[in-house]
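These notes concern the structure reproduced below.
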Amino acid sequence: MSTIAEAQTEAVIKEKAKTLFFQKGFLNATTQEIADEAGVNRALIHYYFRSRDQLMDTLLEEAVNEKRERARAVLSSALPFREKISLFIDIVVEYGLKYPYLENFIITETARNPEKVKVLCQTKIRSSDLIRKDLEEEIAQGRLLPITAEHFVINLISLCNYPLLAKTVLQNMHGMSDTAYRKFLLDRKEIIYHAIFHEPLPRITRKEEHPHPKPAK
């Protein structure tokens with residue numbers, strides 16, 4: 001098998017495994033189920049990744065890093081503080097729609113093996129540190145009630161992630177179809193922003209209008 005063919009096969013396996021784990025929620029999918037989804041022999045899973053757990057670790061690390069880097073690019077940019085938060089909400093909701101079971105997967109895997117937290121949190125740059133100065137300025141100007149950066153970030157992430165973590169419960173509790181729940185999550189963007197800043201979500205801050213935020217100087 002050529003190097004190009006090997007790279008393509010590996011990419012297909014990873015993409016199909018992401019579909020099983022993060023999109024369909026088959027957190028306990030077997031090696032055979034992954035192979036069937038990817039249309040390959042089970043032996044190829046072991047050839048490229050040695051084991052199902054190794055494949056899971058690779059996918060989890062890649063997905064978390066991809067999401068983290070996008071969020072960090074926004075929070076460390078020179079955009080106004082409220083635009084940063086609006087874009088951050090966009091990113092979290094976007095990833096929630098793309099991978100609705102990713103957050104469940106992270107919690108399940110880190111609870112099963114706490115050592116994985118070290119792998120997923122290798123960065124020394126915390127979201128709270130990236131927004132601390134802007135947040136303090138908002139508070140000093142009387143635009144927000146006093147709150148620490150840590151509490152602000154936890155509140156923000158909780159508002160974004162809880163509907164993802166509790167998708168099955170909330171969807172059944174409120175009798176929502178998949179289409180209705182998707183709209184519900186999209187509507188959350190406005191609601192989350194308003195809950196934090198008590199003002200409408202500014203339309204100018206949509207992520208497509210700022211595809212590449214400029215880094216802060």
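The values are calculated or read from the model by the stated rules, or taken from the named source; none is laboratory data. It should be emphasised that the depicted structure is a prediction, and the values quoted were computed from it without experimental measurement. Neighbour counts run over all protein chains shown; Cβ positions are idealised from the backbone, glycine included.
Quick one: would you say residue 91 is under 19 Å from residue 72 (Cα atoms) and either among the β-branched types (Val, Ile, Thr) or touching a strand residue (DSSP E or B) at 6+ places or on another chain (Cβ under 6 Å) (or both)? Taking the combined requirement at face value, the residue satisfies it. Pairs, please: C-beta under 8 Å, at least 6 apart or cross-chain, first residue acidic (Asp, Glu) and in region 184-195, second part of a helix (DSSP H, G or I)? As it stands, the answer is none, since no pair meets every condition given. Among the residues of region 114-128, those that are part of a loop (DSSP other than H, G, I, E, B) and modelled with pLDDT under 80 comprise 121, 122, 123, 124, 125.
Among the residues in region 39-60, are any under 23 Å from residue 181 (Cβ atoms) and surrounded by 15 or more Cβ atoms within 10 Å (Cβ to Cβ)?
No: zero hits.
Before we move on, is residue 200 at pLDDT below 95, loosely packed, with under 11 Cβ neighbours inside 10 Å, within 30 Å of residue 25 (Cα to Cα) and out of contact with any strand residue (DSSP E or B) (no Cβ under 7 Å at 6 or more places or on another chain)? Answer is no for this residue. For beta carbons closer than 9 Å, sequence separation of 6+ or different chains, a first residue in region 10-26 that is free of Cβ contacts under 8 Å to residues at least 40 places away in the same chain and surrounded by fewer than 18 Cβ atoms within 10 Å (Cβ to Cβ) and a second that is of a type in the set (Gly, Ala, Ser) and not in a helix (DSSP H, G or I), the qualifying pairs are 12/39. Residues that are closer than 25 Å to residue 127 by Cβ and either of a type in the set (Lys, Arg) or in contact with a Leu (Cβ under 8 Å, 6 or more places away or on another chain) (or both) within region 154-183 comprise 163, 164, 167, listed in sequence order. Out of 105, 81, one residue alone is of a type in the set (Phe, Trp, Tyr) and at pLDDT 90 or above. It is 81.
Residues are listed down the side, and each one gets a yes or a no for (1) in contact (Cβ under 8 Å) with a residue 24 or more places away in the chain; (2) surrounded by fewer than 17 Cβ atoms within 10 Å (Cβ to Cβ); (3) over 12 Å from residue 60 (Cβ atoms); (4) of a type in the set (Phe, Trp, Tyr):
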residue	(1), (2), (3), (4)
97	yes, yes, yes, no
101	yes, no, no, yes
111	no, yes, yes, no
120	yes, no, no, no
128	yes, yes, yes, no
134	yes, no, yes, no
139	no, yes, yes, no
147	no, yes, yes, no
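If I filter region 136-145 for residues that are part of a helix (DSSP H, G or I), within 27 Å of residue 100 (Cβ to Cβ) and modelled with pLDDT of 95 or more, do I get at least one hit? No, because not a single residue in region 136-145 is part of a helix (DSSP H, G or I), within 27 Å of residue 100 (Cβ to Cβ) and modelled with pLDDT of 95 or more.
Across region 76-83, a minimum of one residue is classified as buried (at least 16 other Cβ atoms within 10 Å of the Cβ), over 18 Å from the mean Cα position of the chain (by Cα), assigned to a helix (DSSP H, G or I) and among the hydrophobic types (A, V, I, L, M, F, W, C).
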